[in-house]
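Below is one structure, written out as structure tokens, with a few remarks after it.
The values are calculated or read from the model by the stated rules, or taken from the named source; none is laboratory data. These numbers come from a predicted model, not from an experiment. Using ideal geometry, Cβ is built from the backbone for each residue, glycine included, and neighbour counts are taken over all protein chains shown.
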Amino acid sequence: MNGEDDYILNKQKAKLFTGIGCFFGIVILVLVVVLVPVWLYFSYPEETQLMVSHSPNNINTIEIVRIDEFPDPTLRINYDDKSIMKTKLPDDLSVEWENDYEANVILIRQKREPDVVKIKFNN
């Protein structure tokens, strides 16, 4: 082989490697564009509304939501632009209103004392 043949061979190798690199670059870019939105969609925790309770005169509202997070779901009690998080899910729950501005959220789990969360709204 002479110098001209080496030059042509190296030129063809460079074209081949450039083409392979561009191909893999496009494949990786497409995978990123497809996988990132899918990952974001599935990583967002799903919320399920368990209960909504209104005060006796419909002045205030308490909303209880289950958040399905990995590894354990949590419970969020929303009221008056505030929220309380509970990590242990109850078997049963209820809301007892004392008046329009005070309520007790009762979280009942089997074979345990009920957990009572006192909620006071701003007048």
Practice task
State whether one or more residues within segment 9-28 are surrounded by 10 or more Cβ atoms within 10 Å (Cβ to Cβ) and either among the hydroxyl-bearing types (S, T, Y) or in the same structural domain as Y101 (by TED's automatic domain parsing) (or both).
Solution key: yes
Completion exercise
Note on C22: of the conditions (1) on the phi > 0 side of the Ramachandran plot; (2) in a helix (DSSP H, G or I), unmet is (1)
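Hey, any hits in segment 57-70 for a residue that's of a type in the set (K, R), under 23 Å from I108 (Cα atoms) and surrounded by 10 or more Cβ atoms within 10 Å (Cβ to Cβ)? Spell out how you get there, then give the answer.
Looking only at segment 57-70, we keep the residues that are of a type in the set (K, R), and these are 66.
Okay, now just the ones that are also under 23 Å from I108 (Cα atoms), so 66.
With surrounded by 10 or more Cβ atoms within 10 Å (Cβ to Cβ) added as a condition, the list becomes 66.
Yes, that holds for at least one residue.
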Fill in the blank from the handout: Checked against (1) farther than 28 Å from T74 by Cα; (2) part of a strand (DSSP E or B); (3) not aromatic (F, W, Y), E63 satisfies every condition except (1)
Practice task
Given the conditions (1) in a strand (DSSP E or B); (2) touching a helix residue (DSSP H, G or I) at 6+ places or on another chain (Cβ under 9 Å), report the number of the one that F70 does not fulfil.
Solution key: (1)
Handout entry: Count of segment 90-123 residues which are of a type in the set (D, E), surrounded by 12 or more Cβ atoms within 10 Å (Cβ to Cβ) and in a strand (DSSP E or B)
Key = 3
